[in-house]
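The values are calculated or read from the model by the stated rules, or taken from the named source; none is laboratory data. Source: prediction; values computed, not measured. Glycine gets a Cβ as well: all are built from the backbone with ideal geometry, and neighbour counts include every protein chain shown.
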Amino acid sequence: MAITAAQMASYLYPDGEDPAGAFNWWLSPCGGTNLVPDDIQNVFGILSTVADGISSFKKPKNVPKGSGRKGDGANPVDQSTPKAPDKDTGDKKKPACRIPASRATERLVNMVRENKCVNDKTQVTEWIVTSVIYAANAAPTHVAKPCKDIWPQACWHYSSAIRQNPSWATLTCPPEAGASEKPQIRRVVPQRWGSQHDGLGWWDLESGNRPELTGSQSCQADEYPPLYFLTEQSPAYINAGRDAPGGQLVRSLPSKQNSNAANGMWKGVCFKEVLTSSAISNKDLKDKVDASGAKLRLVELNEGAKNKRTFKRYGEITVNVRPEFSISSWPAAAPNDGLDQNPCWPQSTAPRDPGFALFSNDPYYDTHPTVYNYRQPYAVPGNGG
């Protein structure tokens with residue numbers, strides 16, 4: 001370093017501008033030379049004449065030779081105070097792994113994720129709940145959601161169904177619904193409703209002009225109670241559309257109202273509600289997944305994350321709460337439970353029966369006459385109009 005400093009001072013400062021003084025000043029942050037001025041001059045004279053290539057000295061670009069002057073910032077007149085160390089401007093290699101404190105632990109619906117640096121590589125560990133088992137003594141936890149005005153036909157349908165069977169006001173999650181995706185059972189209601197309305201000519205093709213619909217296929221059979229809360233052994237499932245008590249009730253209504261009401265109220269509540277951070281802590285979730293004999297899978301991620309390794313641990317856990325669902329509020333009531341406003345009522349073919357959208361054995365017909373036979377073809381005047 002001393003040779004390089006001497007060569008640099010000799011290059012920048014002519015003999016009349018005290019190059020030895022610059023040399024001494026530059027070495028002062030290293031503890032000084034402890035030499036008297038004559039000795040400094042001798043050392044400088046020796047080191048500054050070392051042949052090129054011996055040291056790391058390179059002629060600086062854009063700095064002319066001999067451009068330095070005694071008294072400038074690099075060669076001050078007063079050198080009684082040592083020069084301050086230069087700031088380190090060298091490029092420091094950034095660590096490959098940097099994790100903000102806010103991302104050290106993350107909580108998703110059914111997962112705890114921990115991110116940390118191991119040997120300058122990102123290591124991610126995820127504890128993932130695949131399904132839950134409701135303990136035998138699980139305490140009920142109530143989940144209430146509003147039925148919104150933007151789903152009027154669906155809400156009026158559910159309200160009237162609950163009025164017919166008040167036990168449906170609160171629906172308890174079955175064990176099968178404790179999975180991230182509840183195993184599907186066959187929907188019997190659409191087929192049974194369709195078999196009761198399979199006569200030719202009943203569909204009102206003009207209904208496709210109504211703003212809620214894009215055509216007759218946009219009408220769907222919406223059942224209550226929802227299939228999500230039923231099993232194949234549930235009486236409501238077995239008796240739907242049959243001359244037996246307690247079967248699901250149906251209304252043909254706009255498909256968007258059907259799907260949006262389900263997504264907005266009960267989809268996933270039997271799984272997600274027992275895994276909130278208020279229901280189970282990060283530590284408890286991790287411990288339960290580990291205790292379940294979790295399956296461990298290493299996932300190497302190379303696409304855009306070559307220094308990242310992810311360990312996934314999967315497990316089924318037991319929880320001490322069991323959700324019960326209910327609807328907390330409703331749109332304003334409508335005459336005839338909104339059947340007269342249902343876009344899926346073919347008014348031109350069945351003008352005297354807004355109950356067309358229901359099962360033919362719906363309790364509605366206990367107080368309203370059966371006007372048409374929908375299993376027979378539409379025909380005016382005998383069966384239609």
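For segment 354-385, residues that are surrounded by fewer than 19 Cβ atoms within 10 Å (Cβ to Cβ) and aliphatic (A, V, I, L, M) total 3. Is there a residue being more than 30 Å from Lys121 (Cβ to Cβ), of a type outside the set (A, V, I, L, M, F, W, C) and either in the same structural domain as Asn110 (by the TED database) or modelled with pLDDT of 90 or more (or both) anywhere in segment 276-291? Within segment 276-291, one or more residues are more than 30 Å from Lys121 (Cβ to Cβ), of a type outside the set (A, V, I, L, M, F, W, C) and either in the same structural domain as Asn110 (by the TED database) or modelled with pLDDT of 90 or more (or both).
What strands (runs of 3 or more DSSP E) lie completely within segment 238-356 and have 3 or more residues being free of Cβ contacts under 8 Å to residues at least 24 places away in the same chain and more than 22 Å from Gln220 (Cα to Cα)?
On the way: elements: 249-254, 295-301, 308-327.
Answer list for segment 238-356: 295-301.
Residues that are in contact with a Phe, Trp or Tyr (Cβ under 8 Å, 6 or more places away or on another chain) and over 20 Å from Gln153 (Cα atoms) within segment 348-371 comprise just one, Thr349. Within segment 146-167, restricting attention to residues that are touching a strand residue (DSSP E or B) at 6+ places or on another chain (Cβ under 7 Å) and crowded, with 19+ Cβ neighbours inside 10 Å, the residue that is farthest from Ser259 (Cα to Cα) is Ala161.
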